């Protein structure tokens, strides 16, 4: 624990976001120019658009949790089969993060976001017409493919457009989209599920995704870092437009140079040895965090209903958890600009352990349970923001989405296992306190792992 206390504040080092593609004009790099000025309206617009898209992730995951009790009642599902249904979308997300996410380093960040949005729209709309558990399971997997591919890409895109001293808050704003979307899902679920049935929740999500698609097509720019890898006429023209919007003093004919060379793709995530070490530590963090987080968000509303609360009260607890997460995302983003990101994240992991244990063993009244739900969300999602801030900074621009996607994909394995494992434990009649403890303790290893990651200077 001593390590968590030492050298907590940022060291006064020069910014060294080591993986950005750089170009210089009169000795001034692109990254240096971006860092030397306030973030423009254009940069914040990128952050805002990505945040709106990220809301779909929170809405999609949590709407299944909110609908779980109704779906189980309609189709007479036992906890194990319900756990499989809860995990189906997460399996798709894991595959999408690894397979589709890596395509963004080849075809571009913007194009992949478009493809993923189409997948999400079709998956959600079709889910609203599911007639059997098997149909919904397949469609949840399909929707998850799109969500998984988008998340790694959005994280990378925001990181590339943010200035070094605003990267933490930008990532906090981006990832606040998840709890905000989940909170929206809770409000909508509480209002619709009793009157129109659980199918309407997926129909609403598909409609929102369809509305977002043309907005993203016309307003979301391509990554400057991705465009810097090519001197084809189309790439040069696109860079010139972005330079004008950023007011950068780089001529469109300037030859770009990568700061870190090497082969494209996943191999860059394991070489040299320091990058490999960081990759493995990052994987451990994501795996344990998502294992704990997705148990909490998937089963807490259902367990509260089983304990005697009404369905609306169970849904409200899930919504408050996400509201706490929204606050945690913003606070973590703000603090990340002042303190070392890995050490700050370690503390969020430790407090997550404490509040999950208290919640699991608590026999408190409804009001205190709601407070504890908010506290769990605050620290769990705050820790997640720390990881999303760290991950893009560890990789070269030629393999950045691949690296982030692999980390998220590994994390999704924990997310997949969590609802199913929770169902098995409940079916085995384990005590609720012991179940919550089983999902809390792994976060201690996440705290130690994130503290050990070697960060570039801009995050220290």
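The values are calculated or read from the model by the stated rules, or taken from the named source; none is laboratory data. Being a predicted model, the structure only gives us computed values, none of them experimental. Methodologically, a virtual Cβ is constructed for each residue, glycine included, from the backbone with ideal geometry; neighbour enumeration extends over all protein chains shown.
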Among (1) farther than 27 Å from residue 211 by Cα; (2) surrounded by fewer than 19 Cβ atoms within 10 Å (Cβ to Cβ); (3) modelled with pLDDT of 75 or more; (4) in contact with a helix residue (DSSP H, G or I) (Cβ under 8 Å, 6 or more places away or on another chain), where does residue 40 come up short?
(1)
Filtered residue count, segment 183-206, keeping only those that are touching a residue at least 12 places away in the same chain (Cβ under 8 Å) and closer than 20 Å to residue 126 by Cα:
15
Do we find a residue being closer than 23 Å to residue 279 by Cα, surrounded by fewer than 21 Cβ atoms within 10 Å (Cβ to Cβ) and within 18 Å of the chain's Cα centre (by Cα) anywhere in segment 420-443?
no
Determine which single condition residue 135 fails, assuming it passes every other condition in (1) at pLDDT 90 or above; (2) more than 24 Å from residue 42 (Cβ to Cβ); (3) touching a helix residue (DSSP H, G or I) at 6+ places or on another chain (Cβ under 8 Å).
(3)
Looking only at segment 69-84, which residues are surrounded by fewer than 24 Cβ atoms within 10 Å (Cβ to Cβ) and in a helix (DSSP H, G or I)?
69, 70, 71, 72, 73, 74, 75, 79, 80, 81, 84
List every residue pair whose Cβ atoms sit under 7 Å apart, with the two residues 6 or more apart in sequence or on different chains, where the first one lies in segment 311-332 and is closer than 14 Å to residue 367 by Cα and the second, anywhere, is at pLDDT below 85 and not in a helix (DSSP H, G or I).
none
Unique residue being out of contact with any strand residue (DSSP E or B) (no Cβ under 8 Å at 6 or more places or on another chain) and not in a helix (DSSP H, G or I) when the list is 309, 369:
309
Need at least 2 residues that are more than 26 Å from residue 181 (Cβ to Cβ) per element, so show me which helices (runs of 4 or more DSSP H) inside segment 192-249 make the cut, counting only ones lying wholly within it.
224-227, 233-246
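Okay, residues lined up against (1) modelled with pLDDT under 80; (2) touching a helix residue (DSSP H, G or I) at 6+ places or on another chain (Cβ under 8 Å):
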site: 209; (1), (2): no, yes
site: 217; (1), (2): no, yes
site: 226; (1), (2): no, yes
site: 233; (1), (2): no, no
site: 240; (1), (2): no, no
site: 250; (1), (2): yes, yes
site: 254; (1), (2): yes, no
site: 257; (1), (2): yes, no
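Can you find a residue in segment 171-179 that is in a helix (DSSP H, G or I) and surrounded by fewer than 21 Cβ atoms within 10 Å (Cβ to Cβ)?
No, that holds for no residue.
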